[in-house]
Amino acid sequence: QYDGMLSSIFGLQAPHASLLYPAQDTDMALSQLTMFMSDGFASGARSILRNMSELNPDCWMYRFDYESPASLLTGVGTLHGMELPYFFGSFPVPLAYGRGSQLLSQRIGNYLEAFIRTGNPNASGLQDWPRFDPANEQLMELDLPMRAAPLERATQYDLIQQSGLW
């Protein structure tokens, strides 16, 4: 069923998709489908950034990687939208997030404040957040520790974009 689904989604690109999203059993297929959905969001963000950077080079990309104690306990990992409490500094159940979440939220807040003031997230005392450049795709990993890093999974994002899914 998994191979059939890949064929219906990717058409002629299905063999390539099965190499990028391999699955030998049902559990792995479900995990790969989750990864594919996550890649779809990231591929879309990357596509938007590529287009925007042609108009204005002042573009920045991030990937939220932090797993709160609650997400570690439940095994859900880091899903789309989980960064929102960190951006707003508002945690629905503070104990579920832990002290690391507060620290990360403060750091994100520092970048947001700099961006609001100047149009650039970088400021004195903050680690450099590289501009997004399509030729050298760099992003900021929002995690503890935070770090600038190359975009991972570009091959998967290319497949999704070439397939017309984004």
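The values are calculated or read from the model by the stated rules, or taken from the named source; none is laboratory data. All values reported here derive from a predicted model rather than from experimental measurement. No Cβ is skipped: glycine too gets one built from the backbone with ideal geometry, and neighbour counts run over all protein chains shown. Side chains are part of the model used for accessible areas, which takes the heavy atoms of the whole protein and leaves out ligands, DNA and RNA. Shrake-Rupley method; radii C 1.70, N 1.55, O 1.52, S 1.80 Å.
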Over the Cα atoms of the chain, each weighted equally, I'd like the Debye log10 I(q)/I(0) at q = 0.08, 0.16, 0.19 Å⁻¹, rounded to two decimals. -0.29, -1.03, -1.24
Long-range amide H partners of Y62 with built H, under 5 Å: M140
Divide by every residue of the chain the summed helix terms, -39500 (n - 2.57) for each DSSP H run of at least 4, and state the resulting mean residue ellipticity at 222 nm, rounded to the nearest 500 deg cm²/dmol. -17500 deg cm²/dmol
Over 19 Å [Cα-Cα, region 1-89], rounded percent: 56
Over the chain, with every protein chain in place, what whole percent of the accessible area is carbon and sulfur at 1.4 Å, could you tell me? 58
Span from the region 1-54 Cα centroid across to the region 75-143 one, whole angstrom: 26
If I take every Cα pair under 8 Å that is 6 or more residues apart in region 1-154, average their sequence separation and divide by the length, what percent do I get for the relative contact order? 21
Nearest-20 debye value, the chain charge dipole, Cβ charges on Lys, Arg, Asp, Glu: 380
